[in-house]
Each structure stands twice: as structure tokens, then as C-alpha cells.
Amino acid sequence: MTASFAASVLSWFDHSGRTHLPWQQNPTPYRVWISEIMLQQTQVTTVIPYYQRFMQSFPDIKSLADASTDAVLKHWEGLGYYTRARNLHKTAQLIRDQYANEFPTTLAEVEALPGIGRSTAGAILSLACNQTHPILDGNVKRVLARYHALEGYPGQSAVQKQLWAYAEQHLPTQRNAAYTQAMMDLGATLCTRSQPACLLCPLQTDCQALKQGKPTAYPTPRPAKVLAQKHAVTLLIRNNKGEFALEQRPPTGIWGGLWSFPEFPDQASALASLNTQPLAISTLATLTHGFSHFTLHLTPLLVDVQDLQTATHRIMDRDSWLWYKAGTEFSGGLSSAAQRLLKNLTEEI
Ligand code: SF4
């Protein structure tokens, strides 16, 4: 079964696989690494322009390592999951300092780098160096869970372990780079989440989920969970030049390192932080933002102040902050909440 699985996948890849993605051209470990991290939780079509801009600004490890955090986050603005960008930056500095700008090429070394798990390490070394390693990203998990009709949510460790065993079992003895790309493509283009194109699939003869007549029953979905609801107040302090006070968030946590409006647990603490009498206060429509573990309900308070320096002194004294004019160029990364609020404000003004 092993040989025919890999052989079927490879022969399908030869006529239907993707070969024109930007990271497939000159696939160095660095280029593949950046693409793999961007593609986590993000669609190929969304990633392509980000990837091209990123490569233009940071064509190699050294240029990324030497860049400022703000510049790196700026290139990530809109892609979400900013920990990925911070880890990329940190890892580039580590490779610059410990590996003299050469991306390591053993699985153990690559897996030990920040932000790189077993599957990503395998994908980098397979796609860039043609080494034989299994991968298990979301697409591959779906194909294998269906092909073997594996019961159980892949987030559970026993299910995960079984999937890794299948991934290893099906590895070809040659053309590993092509096989890895083929498995990703198969999951992304044929064995899709809700409408698998089984009639076109090279695995249709032995696919157990198809034999059962219920391909989409696999993989077993994540058990339902109730998301926590969090409420916060954000201050939109506007000075008499029409500029807004932005502060840089702490490096860790949500929107870590990005610029945003100052946030408080409630209205009383937000207003108490001002050390001047506001000229006007108005409450704007609450913004709802979904995160993987909770939903944030952010109530914006628009506060007009006269005295620029003292009005925000106590708030902004806590962190690094600046005045920003909505609609103008900004060199740092903006949190998605700040982007949405600024857009609303610009439309209102
Ligand atoms: S036959 Fe259908 S369900 Fe099975 S692997 Fe192919 S596309 Fe997926």
C-alpha cells in the first residue's frame, strides 16, 4: 500500500501539482521557511503579496535579523497571529549569531528554532533540501485522516501520534520534495474541507472515508467549546490638531508589540487615568473582535482634550506612545482594533 500511495500522489502531482508559487522558485531554506510560517492559518492567495513584499525588503537572513521589530511587524500587518512575525525576527537573529547567517540543515537543529515545530521543520528540509521527512500540516492531516478513516479529533495526542505514523509510513524513497508539495496541494485543492473532489483524487481507490461514503466525516471536528467573553474600554484621545494618542502594546500577549489605543478594564479606570478635564467625551459603537480563546468587546471612548502634554501624560507615561494623525503613513504595525477604529474615525470626520 505504501508504494502505491506515494506513487499515486507523485504521478498526480506531475500533471496537477502547483509549481508556480513564489516560494517554489529558488526554494532555499530561508525562502521556504518564511512561506511556511506565513501559510500557517492563512490562505495561499492572501499570503502571496505579503510574501513578495517581505522578500523584497528582507531577501535573506541577515536583512531580516538586522531589521527593526517595527519594520518586520509592519510587513505582517493584516496577516494576524503576530507571534509568528516576532518569532521569525528572533529566529533570524539567532541564525545570524549562532549559524553565521546559514540556515541549519539538520532536523534536530531546525526543530529547536523558535516558532518551528516538527512539521514545519520537515517541510523546510524536504522542500528546500529534498531530505526525507514527513510533514503533518492541516491539509495533510485531513488527507490521511480520510484515507485511513481515522476516528478522533487530531488535537488529541493519540490521534496525532497515529497520523504521524501514517505520514511516515507513506513516505517515498525518492522525490521527497515533490511528494511533500504534492501532499500539501492534494489537501489544498482536491481533498478540501467541505467539498472534496474525490472523483479527481489519485487516492480514490483505497480511500476508506470515500468507501464509507462520508469523506467529510473525517477528521473528527474539535469538540465544541464555549468562548470566554471579555470586555474592555479603549481611549481615543484626540488633541486639538486632530491627532490621536497611540501606545505600543507590551511585546507579549494579544497584538504584542503593535501600536494601539490605550486599553482599560472599564470606563471608570479609563477616565481616572486622565489628568485633565476632557472637553468632550462620547461613547462610540462597541467593536467585537474574535480570538481563538475568547471574544473581546471593546468600547471606544472618544475624548477631546485641549492641553496636549498634560492631558495624556499619566496614561502615556506607562508605555511608549505618540500622536498619530489618522490616514497618514505610519512606520510601526497597527493592531487590527486600532486599524478598524481609525478607519471608522476617518469615515466620520
Ligand atoms: S478520495 Fe476524497 S476523501 Fe479520499 S483522500 Fe481523495 S479527496 Fe480526500
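Selection within segment 192-232: residues that are surrounded by fewer than 11 Cβ atoms within 10 Å (Cβ to Cβ) and within 9 Å of the ligand (Cβ to nearest atom). The member of this set that is farthest from Ser157 (Cα to Cα) is Leu199. Selection of segment 129-174 for residues being part of a helix (DSSP H, G or I) and among the aliphatic types (A, V, I, L, M) yields Val140, Val143, Leu144, Ala145, Ala158, Val159, Leu163, Ala165, Ala167. Considered as a group, the residues in segment 233-246 that are over 16 Å from Gln306 (Cβ atoms) and among the β-branched types (Val, Ile, Thr) include one that is farthest from the ligand (Cβ to nearest atom), and that residue is Val233. Kindly indicate whether Ala108 is of a type in the set (A, V, I, L, M) and open to solvent by 50 Å² or more (accessible area, probe 1.4 Å). Criteria met by Ala108.
The values are calculated or read from the model by the stated rules, or taken from the named source; none is laboratory data. Everything numeric in this text was worked out from a predicted model, so none of it was measured. Here the Cβ is made from the backbone with ideal geometry for all residues, glycine too, and neighbour counts use every protein chain on show. Please note that ligands, DNA and RNA were not included when accessible areas were found on the heavy atoms of the full protein model with its side chains. Shrake-Rupley method; radii C 1.70, N 1.55, O 1.52, S 1.80 Å.
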